[in-house]
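Everything on this sheet refers to the single structure shown next.
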Amino acid sequence: MSYWPLIGVAWVVAGFALRLNPALVVVSAGLVTGLVAGKDLLAVLSLFGEAFTKQRYLALFLLTLPVIGLLERHGLKEHAQAWIARMRGATAGRLLVAYLGLRQLAATLGLTSLGGHPQTVRPLLAPMAEGAAEARIGALDDDQRQRLRAMCAGTDNVGLFFGEDVFIAFGAVLLMQGFFAENGIVLEPLHIALWGIPTALCAFAIHTTRVLRFERRLEREARAIVAQAAPEVRP
């Protein structure tokens, strides 16, 4: 057995470590691996073309990036912040909890593409959370803003991860069903998915607690900043 084709893995690691163009690194690593494995250049290019043809639907994801960039250039973030700031009673915590519930429910129904970091969190959820927080506690410093954005991204992750486990056609559910079947345990995917409901509810409760605690921490920090900035009252 020849281990030379594994040089493509080292090529990828080295390219990422040197911060080279990711697309160039991956494509060149594929070429190197194919050539070292004994295939000629035309055969390797043929494999690339075949893989692209079979997975061309992935290119639809790339189309969302310029669309989102164009919307942001025309003030999508600013409009989202202004809209949420005008809503009475809207806070960053309540917004994130509502999004968590909707994200989990949508993922439970198999609608995993309705949310996500590039198409929802970055252009909509994070600006709205920032606008709600600033309307309540005032301007955020850079550290607070970054932590709030990280909480928005984490909320999306939790909602998707624990929501899709309840969907009977989710790959992980089918994988578990196949594993049990190989070991003589007959289970329907529905039975496995139903056992994901308690976990999803616990995840919702735990992350809701984390979000509300985070919001209270931001409020305490804001009060501390105001107290430090206030002039001392002398008798």
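The values are calculated or read from the model by the stated rules, or taken from the named source; none is laboratory data. None of these values were measured; they are calculated from a predicted model. Every residue, glycine among them, receives a Cβ derived from its backbone with ideal geometry; neighbour counts consider all protein chains shown. Surface areas here come from the heavy atoms of the whole protein model, side chains and all, with no ligands, DNA or RNA. Shrake-Rupley method; radii C 1.70, N 1.55, O 1.52, S 1.80 Å.
For residues that are surrounded by 19 or more Cβ atoms within 10 Å (Cβ to Cβ) and polar (S, T, N, Q), tally how many sit in segment 114-136.
0
Of all residues being touching a Pro at 6+ places or on another chain (Cβ under 7 Å) and open to solvent by 30 Å² or more (accessible area, probe 1.4 Å) in segment 165-187, which is nearest to P127 (Cα to Cα)? Just the residue, please.
Within segment 165-187, the match that is nearest to P127 (Cα to Cα) is I168.
Scan (1) at pLDDT 85 or above; (2) in a helix (DSSP H, G or I) for the single condition V166 breaks and write down its number.
Result: V166 passes all but (2).
Would you mind telling me which numbered condition in (1) touching a residue at least 12 places away in the same chain (Cβ under 8 Å); (2) surrounded by fewer than 19 Cβ atoms within 10 Å (Cβ to Cβ) F162 fails?
Here F162 clears every test but (2).
Any residue at all in segment 137-155 that is over 20 Å from V97 (Cα atoms), open to solvent by 50 Å² or more (accessible area, probe 1.4 Å), of a type in the set (D, E, K, R) and in a helix (DSSP H, G or I)?
Yes, there is a match, as at least one residue in segment 137-155 is over 20 Å from V97 (Cα atoms), open to solvent by 50 Å² or more (accessible area, probe 1.4 Å), of a type in the set (D, E, K, R) and in a helix (DSSP H, G or I).
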